[in-house]
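Let me begin by presenting the structure, written as structure tokens, before commenting on it.
The values are calculated or read from the model by the stated rules, or taken from the named source; none is laboratory data. Bear in mind the structure is a predicted one, so any value in this text is a computation, not a measurement. Ideal geometry is used to build each Cβ from the backbone, glycine not excepted, and the neighbour counts take in all protein chains shown. The accessibility values were calculated without ligands, DNA or RNA, using every heavy atom of the protein model including side chains. Shrake-Rupley method; radii C 1.70, N 1.55, O 1.52, S 1.80 Å.
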Amino acid sequence: MAMDKTFNAAEAEPRLYAGWTKAGAFRAGANASREETFSIMIPPPNVTGALHMGHAFNNTLQDILTRWHRMRGFDTLWQPGTDHAGIATQMVVERELAKTNRRRTDFSREEFLDLVWQQKQKSRGNIRAQLERLGASCDWDREAFTMAGAPGDPEGTPGGQNFHDAVIRVFVDMYEKGLIYRGKRLVNWDPHFETAISDLEVENTEVDGHMWHFKYPLAGGETYEYVEKDEDGAVTLRETRDYISIATTRPETMLGDGAVAVHPSDERYAPIVGKLCEIPVGPKEHRRLIPIITDEYPDPDFGSGAVKITGAHDFNDYEVAKRGGIPMYRLMDTKGAMRDDGAPYAEAADIALAVARGDQTLSEVETDALNLVPDDLRGLDRFEARKRVVDQITAEGLAVMVADADSDAPAMIPFVESKKIMQPFGDRSKVVIEPMLTDQWFVDAEKIVGPAIDAVKDGTVAILPEQDKKVYFNWLDNIEPWCISRQLWWGHQIPVWYGPYEAKISGSTDLAWKSDGSGWQICRSTEADAVRAAEEAYGSEIVVVDDWMASLALKGSGKVGIWRDPDVLDTWFSSGLWPIGTLGWPEDTEALKKYFPTSVLVTGFDIIFFWVARMMMMQYAVVGQKPFDTVYVHALVRDEKGKKMSKSLGNVLDPLDLVDEFGADAVRFTLTSMAAMGRDLKLSTSRIQGYRNFGTKLWNAFRFAEMNGVFEGRAEAAAPPAAQHTVNRWIIGETARVREEVDTALAAFRFNDAANALYAFVWGRVCDWYLEFSKPLFASDNKEVTEETRATMAWVLDQCLILLHPIMPFITEELWGLSAKRAKMLVHADWPAYTPADLVDEAAEAEMRWVIAIIDSVRSVRGEMNVPAALQIDLLQLELDEAGQAAWEKNAGLIQRLARINSITPSAEAPKGAATITVPGGTYCLPLADIIDVGAEQARLAKSLEKLEKDLRGLRGRLGNPKFIESAPEDVVEETRELAAEKEAEETRLKTALARLAEVA
RNA sequence: GGGUGAUUAGCUCAGUGGUAGAGCGCUUCGUUCACAUCGAAGAUGUCGGGAGUUCGAAUCUCUCAUCACCCACCA
């Protein structure tokens, strides 16, 4: 068989992967030879499209761990699957529809969901194909999906897990335990997707904004003495005012103000606290009046010290309003436009006025029904409304005025500060998030966070690198209620049905009164259960209807209509159950018993809060156990300049393009070698190219071996041959060292150490030296030597394949198949356990070190003296100690060949014009009278000497310091002494050589 | 405002107390015998600045500077 010159990745990789799949090599438990299990749950990619470089990185690391454990005989499971990714996936489908000018609302919920399911199937296929290209050794028979088994799922549950039922079951359990509740709260509202989102899905970004200053006139034209004082209490300003000055970045929300708040200690406003002031916008005849109240929240030193309170559109104001019983008037609709519903403004304003005066109180529902947007602003987008409000107030002369700094003429202009403000944006929609008062479902996270914190504190669960623990704790220690309801269609629909309040319920019941007092809620796993519960409670026949309106129609019919909550659950609620859900929980499956808790979670730091923390909380809450032993948090992949890869920047490297160009192994090796903990990794193609070359190098080592009959009629051997020859004994020892390095590195998740150790070993020792050394051995007449060398090389190369396989699975499997008839595929080969203690021969190592040193020195002189590479030269041996002599005699042939030396002659002195070579224990010279430039040789030696002396100065300084001898560990002192002695000897040799040169010059 | 991390060769980065490293790039030389996706040789660093601890600091402490990221409600 003649091997090709290079590895054809494009041809071989799909073939090899198919071979593994066909053999069932990745199935859970395949190749298991011991009891211990090893399990990894893939962080499920979103079914939004394709995988990016971050996925390639993440999954390469998982695959390395998986393959490594599988080869070591662990009962191994790498569980694959995908995430339905609520908003993200719905967004993708809506974007597709938009291309043909259609919208989600053009479809029924069922029709639209069919489209999403199609998207899911398409994307799921892409993702699996991509992972296969990458070589991921997942157990595809168990492929899971976070919405598998949900209504409308065309694929059902091929992997055996009904994730949907598991999610619903958890919701019901947590509801019954009081860990989930419904309530009207101020939440982050995404006006584009028209849904609530959680705090984590909000990105706060600094943008250019404005702060407007307006006057809120006191009711009835009242006035007060406004006095400002400096720090010493001296009066700096005193004037009579008929208004209170307010600053705002969001003038349009003034329409919903319920009060103006000042700090209780603020003397400036003490005279007017408790009085009413006027919101300076809206029809003049229906100006709303609001009270001036005190609250700890306003900072007297910021702005005017007075804050308008808009409870329904600002998180701070919400808290103030709750404390002060201030009404919260919602101003916008679900799209973020000014409300256009309800009674005309004049009517609504009158009611609000009565409330402000204390003449009337409203229920939550009544308050929410009140639309206080003036008629001319109704239906406007919030930003358009802002402009109008500002214009109207300014036109009326109620803007605070300041001198125009840019104008020479004395002129007054409205006080509008340009400043950077933090604005919340939806992480998916990128539109400005609006705080909105809505009914939502929450997980009472505070109640379930305890075990998640304790487990990491006491080491039950390890987070690597350690620094990420802090991030984890910081968030969990300040946990907020988690809003889990989304006003979307794509997701797990909340298993709660509502019943009307008009119909009386009888007897004892566990139905809960809805938070807004408008009816009853029933939480059950299935509709049938919900109906049964409703029947019992209402004592009437129950009909399931679409919504509240439909239930009204049943009034007087003797039947009661209940309707299901239309909302779905936050995606992270279901992905939070990934570890148990993928193993078939709530069924008590074999897989669950065997593989849970899982061994390692490999994930990026960007989802520590979203996912890692939620899995911790939820696994403890649901099954009372940790989800995994170790969390390995890796860095983010960035482009060459360190920018985060994003489509909008156009700097995305598609892993498949790179795999096409360089092969999967090269991409994997690159990512692995850069996987140092806790840092971003910047990916460049030149690096990938370098590791592609590494694969070629390995390939050609096998070609060389093949040409030298290494694989002919070989018997596959796990143990190294009992070699006699130094070169063979040496490389066997080196192999044992690298095996240990690789295992140590992988056990500590130091992937880059493993990759670099293998790179240095395969290229720097096996190819650069061992293969070169083997050439004269293969040429030997001594059959014993050639046979031993063949056996050794076969074994060493096998070890290279085994050790490299987790990182470079394809090329190694291919070479494994090409280089022998094998009992097992490499993917299931036994991982070695030999140690340096077993296999390292110190004497052989010392000898080879000496051989390499002399070859290096001769080559170095040749290179620097510009000796033609092809020229065989003579070497004169001036002096050599016993060890050197022995090493020399045993390896003369190697040295002659690799250093291109013709002959070696002992000589008492160096001839005129010779270049000196110093090695440990000896001096040689190259008589190069015709070629050498004495000046250049002098310069070369002087430079070496200078460097040597610098080292020696340091060493002598240390050894001359009695404190060093006293305090430093003995072996360090001893090492230093030896080193100094060695360097001194070399110094002498160099000085002698220089003296010689001086004579001839 | 709080927190975390970074600063080492031209570039990208390893290196947690004991002789400063790798890959890429660069310079010179080399196509006979595995590999030009290669080989041989070479150049390049007061390890961000300053102070401290130590026999000894890239490494530990403090401080300053610059950069990055995360979290946070200043109207």
Exercise. For the stretch A:50-177, which whole percent of the accessible surface, found with a 1.4 angstrom probe, sits on carbon and sulfur atoms?
Worked result: 47 percent
Seminar exercise, completed: Using alpha-carbon positions, the gyration tensor of the stretch A:868-920 gives root eigenvalues a ≥ b ≥ c; with a/c under 1.5 called rounded, otherwise prolate if a/b exceeds b/c, else oblate, the class is oblate
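Using per-residue counts of other Cβ atoms within 10 Å, averaged over each peptide, order A:880-887, A:619-626 from highest down.
Values: A:880-887: 15.8, A:619-626: 18.4.
Top of the packing list down: A:619-626, A:880-887.
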Exercise. In Å², what does the accessible area per residue of chain A work out to with a 1.4 Å probe?
Worked result: 43 Å²
Exercise. Which of the peptides A:490-497, A:299-306 is most tightly packed, and how do the rest follow, going by the mean number of other Cβ atoms within 10 Å of each residue?
Worked result: A:490-497, A:299-306
Problem set entry | For chain A, with +1 on Lys and Arg beta carbons and -1 on Asp and Glu, the positive-most of A:Thr685, A:Val851, A:Ser907 along the dipole | A:Ser907
Seminar exercise, completed: If one compares the long axis through the Cα atoms of helix A:345-356 with the longest principal axis of the Cα atoms of chain A, the angle in degrees, nearest 10, works out at 90 degrees
For this session: Mind listing the long-range amide H neighbours of A:Leu601? Cut-off is under 5 Å, sequence gap 5 or more, other chains count too, H placed in the peptide plane at 1.01 Å from N.
Result: A:Thr630, A:Val631, A:Tyr632
Seminar exercise, completed: Stretched fully, the stretch from A:Val543 through A:Glu966 gains (0.36 nm per residue minus C-alpha distance, one decimal, in nm) 143.2 nm
Problem set entry | Within the accessible area of the stretch A:587-628 (1.4 Å probe), percent carbon and sulfur | 52 percent
Seminar exercise, completed: In order over the stretch A:910-921: 3J(HN,Hα) from phi, Karplus 6.51/-1.76/1.60, θ = phi - 60°, whole Hz, x for each Gly or Pro, gives 7, x, 4, x, 10, 9, 8, 10, 10, 10, x, x
Problem set entry | DSSP-defined beta bridges in chain A - what % are antiparallel, rounded to 5 | 70 percent
For this session: Convert each backbone phi in the stretch A:397-403 into a coupling constant with the Karplus relation 6.51 cos²θ - 1.76 cosθ + 1.60 (shift: θ = phi - 60°), then list the ³J(HN,Hα) values in order as whole Hz, x for Gly and Pro.
Result: x, 9, 7, 5, 10, 9, 5
Exercise. When the label point is put 7 Å from the Cα of A:Ser108 along its Cα-to-beta-carbon vector, which residues of the stretch A:485-501 have a backbone N closer than 17 Å?
Worked result: A:489-490
Seminar exercise, completed: So the angle from the long Cα axis of helix A:809-819 to the longest Cα principal axis of chain A, reported in degrees to the nearest 10, equals 30 degrees
Seminar exercise, completed: trypsin sites (Lys or Arg not before Pro) in the stretch A:651-748 lying in a DSSP loop, each with at most 14 other Cβ atoms within 10 Å of its Cβ, come to A:Arg679
For this session: For the stretch A:963-974, just list the computed ³J(HN,Hα) in residue order, Karplus coefficients 6.51, -1.76 and 1.60, θ = phi - 60°, integers in Hz, with x standing in for Gly and Pro.
Result: 5, 5, 4, 6, 8, 6, x, 4, 5, 5, 4, 4
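Ranked highest first by the average count of other Cβ atoms within 10 Å around their residues, in what order do A:512-522, A:112-122 fall? Each step should come with its number before you reach the end.
On the way: A:512-522: 16.3, A:112-122: 18.3.
Packing order, densest peptide first, comes out as A:112-122, A:512-522.
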Exercise. Which of A:Lys457/A:Lys682; A:Lys775/A:Lys947; A:Lys335/A:Lys504; A:Lys594/A:Lys626; A:Lys120/A:Lys469 have a Cα-Cα distance over 26 Å?
Worked result: A:Lys457/A:Lys682; A:Lys775/A:Lys947; A:Lys335/A:Lys504; A:Lys120/A:Lys469
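Could you tally the net charge around A:Leu948, taking each other residue with its Cβ under 11 Å from the Cβ of A:Leu948, Lys/Arg +1 and Asp/Glu -1? Show your work: numbers first, answer last.
Values: positive: A:Lys943, A:Lys947, A:Lys950, A:Arg953, A:Lys983, A:Arg989, A:Lys991; negative: A:Glu946, A:Glu949, A:Asp951, A:Glu982, A:Glu984, A:Glu986, A:Glu987.
Net of charged neighbours comes to 0.
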Exercise. Using r as the Cβ-Cβ distance of A:Glu974 and A:Gln467, and R0 as 35 Å, what FRET efficiency do you calculate, to the nearest 0.05?
Worked result: 0.40
Exercise. If r is the Cβ-Cβ distance from A:Ala2 to A:Ala747 and R0 is 30 Å, what FRET efficiency results, to the nearest 0.05?
Worked result: 0.15
Problem set entry | Cleavage-rule hits, GluC sites (Glu not before Pro), the stretch A:211-317, DSSP coil, Cβ neighbours within 10 Å at most 15 | A:Glu222, A:Glu231, A:Glu296
Seminar exercise, completed: Among trypsin sites (Lys or Arg not before Pro) in the stretch A:406-472, those in a DSSP loop whose Cβ has at most 13 other Cβ atoms within 10 Å are A:Lys430
Seminar exercise, completed: With Cα coordinates, the longest principal axis of chain A makes an angle with the long axis of helix A:86-99, in degrees rounded to 10, of 80 degrees
Problem set entry | Long-range amide H partners of A:Lys682 with built H, under 5 Å | A:Arg638
Exercise. Between A:Trp763 and A:Gln121, what FRET efficiency follows from the Cβ-Cβ distance if R0 is 30 Å, with the result rounded to 0.05?
Worked result: 0.10
